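First comes the structure, then the notes that go with it.
The values are calculated or read from the model by the stated rules, or taken from the named source; none is laboratory data. Fair warning: this is a prediction, and the values are worked out from it, not measured in the lab. As a convention, Cβ positions derive from the backbone with ideal geometry for all residues, glycine included, and neighbour counts pool all protein chains shown. Keep in mind that these areas ignore ligands, DNA and RNA; they rest on the heavy atoms of the full protein, side chains included. Shrake-Rupley method; radii C 1.70, N 1.55, O 1.52, S 1.80 Å.
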Amino acid sequence: MNNHVATNITERIVLAGFGGQGMMLLGKLLAQAAMVDGKKVTYFPSYGTEVRGGTAVYHLVISNDEIFSPIIEEADTLIVMNQPSYQKFKGMLKPGGLLLLNTSMIKPNNGHDAKVYNVPATEIASKLGNVLVSNIVMLGAYLAIKKLFPSELILKQLQEMLKGKKGDLFAINKQALERGMSAVESIHHQI
């Protein structure tokens, strides 16, 4: 645990993308890892009218303190997977917040009062051989930036979820998480 991290954190995260881009899984992984880490968690998933192709949004609050509402009006972090979600939710980010963009599918406008990280998540996932792990690439990037808890907690949750017939998916998800983490480290060196 980093000594410089404040002990009473509250992190409000909005995850948004197309239905089918894994926003619910991403939110669930973060929520479960945070609970294992002893933090309080609320989450509120919502879908657009059509689930596949519509917008999927996941509100997630992680805190050491009691959480009074699962609904987020102003996000500390916004993780966005596609252009329509970016257009729709960019206004929810608090000034100086963290904006993680899947630049494989988003052309961002400049002028954000935010810490912006451009991660070509779909492209990275595609190179790994499965475009569906782009959400895990974004998760890796998020963990590398925020360091809320160790990546081992996420890997443990993934291992739990990917038992039995899905067991062979663990390796690619682990790679996706690692690639996301290293993508952020390489962005950081360019600044």
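Laid out as a table, the results:
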quantity	calculated
Residue list for region 156-181, restricted to those being charged (D, E, K, R) and at pLDDT 90 or above	156, 174, 178, 179
Those residues of region 144-182 which are open to solvent by 60 Å² or more (accessible area, probe 1.4 Å) and part of a loop (DSSP other than H, G, I, E, B), in sequence order	147, 150, 163, 168
Subset of region 124-155 (residues that are within 17 Å of the chain's Cα centre (by Cα), among the charged types (D, E, K, R) and at pLDDT 90 or above)	146, 152
Some residue of region 47-61 being crowded, with 18+ Cβ neighbours inside 10 Å and either part of a helix (DSSP H, G or I) or of a type in the set (Gly, Ala, Ser) (or both)	yes
For residue 141: the one exception among (1) assigned to a helix (DSSP H, G or I); (2) open to solvent by 10 Å² or more (accessible area, probe 1.4 Å); (3) of a type in the set (A, V, I, L, M, F, W, C); (4) closer than 26 Å to residue 42 by Cβ	(2)
Cβ-Cβ under 7 Å pairs, at least 6 apart or on other chains, region 66-81 side in contact (Cβ under 8 Å) with a residue 60 or more places away in the chain and surrounded by fewer than 12 Cβ atoms within 10 Å (Cβ to Cβ), far side of a type in the set (Phe, Trp, Tyr) and in a loop (DSSP other than H, G, I, E, B)	none
Any hit, region 103-116, residues being of a type in the set (A, V, I, L, M, F, W, C), crowded, with 24+ Cβ neighbours inside 10 Å and either over 20 Å from residue 43 (Cα atoms) or touching a residue at least 24 places away in the same chain (Cβ under 8 Å) (or both)	no
Subset tally (residues that are of a type outside the set (A, V, I, L, M) and surrounded by fewer than 18 Cβ atoms within 10 Å (Cβ to Cβ)) for region 85-101	6
Enumeration of residues in region 16-35 that are free of Cβ contacts under 8 Å to residues at least 24 places away in the same chain and touching a Pro at 6+ places or on another chain (Cβ under 8 Å)	none
Set 46, 85: member being polar (S, T, N, Q) and in contact (Cβ under 8 Å) with a residue 24 or more places away in the chain	85
So residue 107, is it on the phi < 0 side of the Ramachandran plot and in a helix (DSSP H, G or I)	no
